[in-house]
Amino acid sequence: MQQPQNDATEGVEIKEVLHDGWTISVRARAAEGNDGLLGSADISRDGVWRCKLMGSTVFDTRLHLIAVMVAKADKWVALQASFAARAY
């Protein structure tokens, strides 16, 4: 699965985190009227794009946006682990 192309309105990448082999890239862009920031997180593993999560709220600061989007991505990664094969 290839990562979708981002156009110029997508914004800028502000943080990349490596977590248990997963790469989480958080992106931000100004909300309409410059009233805060909207965010998204791209999740990949081994160079292959897996998921894109979108923030559902407008954030006041980049730090808040990063914290929430990384937490959402971490939850998604944890759910993937629960479907992994288990050794008995």
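The values are calculated or read from the model by the stated rules, or taken from the named source; none is laboratory data. Keep in mind that this is a model prediction, so the values were computed, not measured. All Cβ positions, even for glycine, are placed from backbone atoms using ideal geometry, and neighbour counts span all protein chains on display.
Kindly indicate whether GLU13 is in contact with a strand residue (DSSP E or B) (Cβ under 7 Å, 6 or more places away or on another chain) and modelled with pLDDT of 70 or more. Please lay out each step first, then the result.
Working: in contact with a strand residue (DSSP E or B) (Cβ under 7 Å, 6 or more places away or on another chain): yes; modelled with pLDDT of 70 or more: yes.
Criteria met by GLU13.
Of all residues in the range 44-66, those being out of contact with any Ser or Thr (no Cβ under 7 Å at 6 or more places or on another chain), exposed (fewer than 14 other Cβ atoms within 10 Å of the Cβ) and at pLDDT 85 or above number 6. Say whether the condition of being modelled with pLDDT under 90 and within 11 Å of the chain's Cα centre (by Cα) is met by at least one residue in the range 29-43. No; the residues of the range 29-43 include none that is modelled with pLDDT under 90 and within 11 Å of the chain's Cα centre (by Cα).
Scan the range 65-86 for residues that are under 13 Å from the mean Cα position of the chain (by Cα) and not β-branched (Val, Ile, Thr) and the total you get is 9. Pairs meeting the criteria (first residue in the range 40-55 and more than 13 Å from LYS75 (Cβ to Cβ), second residue among the basic types (Lys, Arg), beta carbons under 8 Å, at least 6 apart or on different chains) are SER40/ARG27; SER40/LYS52; ASP42/ARG27; ASP42/LYS52; SER44/ARG50; GLY55/LYS72.
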